[in-house]
1. With the full set of protein chains in place, find how many percent of the accessible area of the chain is carbon and sulfur; take the probe as 1.4 Å.
2. At what distance in nm do the modelled label points of residue 264 and residue 243 sit from each other, each positioned 7 Å from its Cα along Cα→Cβ?
3. I'd like the antiparallel share, as a percent to the nearest 5, of DSSP beta bridges with both residues in the chain.
4. Please work out the Cα center distance from the range 303-321 to the range 17-95, rounded to the nearest Å.
5. Projected onto the charge dipole of the range 1-56 (+1 at Lys/Arg Cβ, -1 at Asp/Glu Cβ, origin at the Cα centre), which of 6, 30, 49 gives the Cα projection farthest towards the positive end?
6. Which net charge results when you count Lys and Arg as +1 and Asp and Glu as -1 among the other residues whose beta-carbon is under 9 Å from that of residue 198?
7. Grab the beta carbon distance between residue 187 and residue 251, set R0 = 30 Å, and tell me the FRET efficiency rounded to 0.05.
8. Please determine, in degrees from 0 to 90 and to the nearest 10, the orientation of helix 299-308 with respect to the longest principal axis defined by the Cα atoms of the chain, where the helix direction is its Cα long axis.
Amino acid sequence: MRAVVVREYGEPEVMRVEEVEKPEAEGRRVLIRVVTAGVNPVDTYIRSGLYAYAPKLPYTPGKDAAGIVEAIGPEVTRFKPGDRVYTAGSITGTYADYTLCEEDQVGLLPANVSFEEGAGIWTPYATAYRALFQKAKCQAGETLLVHGASGGVGIAAIQWAKNSQLNVAGTAGSTDGMEIATKAGADAVFDHTNEDHFAAVKNWSAGGVNVIIEMLANENLERDFECLSMFGRIVVVGSRGSIDFSPRLVMTKDATIYGMSLFNAPSDDLREIHAAIYEGLAEGFLKPFVVRKFLLEDAPRAHHEIIESKAFGKIVLDVNSAKE
Ligand code: NAP
């Protein structure tokens, strides 16, 4: 089978397609024929070798994908060959023709969801759900700022929050990004390249938002307090550097800053997330917006794109859609 293989950490070009042995499903493991694989920023951090988690070399990147169950181990109880599924992590990596997963890393794809959409589910929707509901405990009627609403997690956060009757503002750094945040359901959209957008958000929320989901904390955490309400909560989802920060800001507003990494979510919380995702997809209020597709051999271009370009939806790798 074909797989993208990383033999040394480094720039996107270290990813090359090779012929490798197809894995076998044993025990509680599920072998999935990948139709589409999701590309997430974390895949690029891991490939660079600078991330907290560094897999043993050589390895195949990717945690998210959608496809069809090819084979199951004898202890698997929840899936059978032929099931349409998405992955929430993988043992062997998802940038490949086949991926091997633990049974707990697999979720059923409702019939109304395409494989392309399925590849854009796990990391963005699970992260957004955990930030909004398991960390910030968002309630109907509250005001929310999704600071970075044009990418995978931001779009997911808007869709979850609107379904739970929050009033949602989103930000983006391009016209396309602002359009997609509006399409996802944001009540108001602001341009985060405009220095004054913090005041505009404060004005929109009549004094400050209750919750901020922050995609670039090293850039925004200090100034977020300009548009946060008293007793407000901030969830740090993304950060790509350090910041000079005054803790007095947290004190004065009696605020709470949560950190989160999806990797740390306990299994009960993950089960709750899978169930909520299935319901949201089946009911149709969750819908990944896939905007850019690359072939498996173009994985390096996809990695450049997700880090260097403005976001306006999900980036995926088309692995085997021609065979569907
Ligand atoms: P993505 O699709 O690449 O989107 C990146 C988002 O960040 C875009 O909306 C982008 O907006 C926005 N952004 C850029 N500059 C910004 C600024 N100055 N202020 C606010 N937002 C800004 O990535 P993603 O999948 O949505 O992930 C978003 C971040 O969360 C990434 O850093 C990722 O690593 C992190 N993440 C963390 C976890 C976790 O467990 N903690 C899980 C998943 C993702 P424009 O491009 O429109 O400027």
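The values are calculated or read from the model by the stated rules, or taken from the named source; none is laboratory data. In this text, all values refer to a predicted model and were calculated from it rather than measured experimentally. All Cβ positions, glycine included, derive from the backbone under ideal geometry; neighbour counts span all protein chains shown. The protein model used for the area step is the full one, side chains on, heavy atoms only, and it has no ligands, DNA or RNA in it. Shrake-Rupley method; radii C 1.70, N 1.55, O 1.52, S 1.80 Å.
1. 50
2. Once both label points are built, they end up 1.7 nm from each other.
3. Working: 31 of 57 bridges.
In the chain, approximately 55 percent of DSSP beta bridges are antiparallel ones.
4. 18
5. 30
6. Residues close to residue 198 contribute a combined charge of -2.
7. Working: r = 30 Å, r/R0 = 1.01.
The pair residue 187/residue 251 has a calculated efficiency of 0.50.
8. On a 0 to 90 degree scale, this one is about 0.
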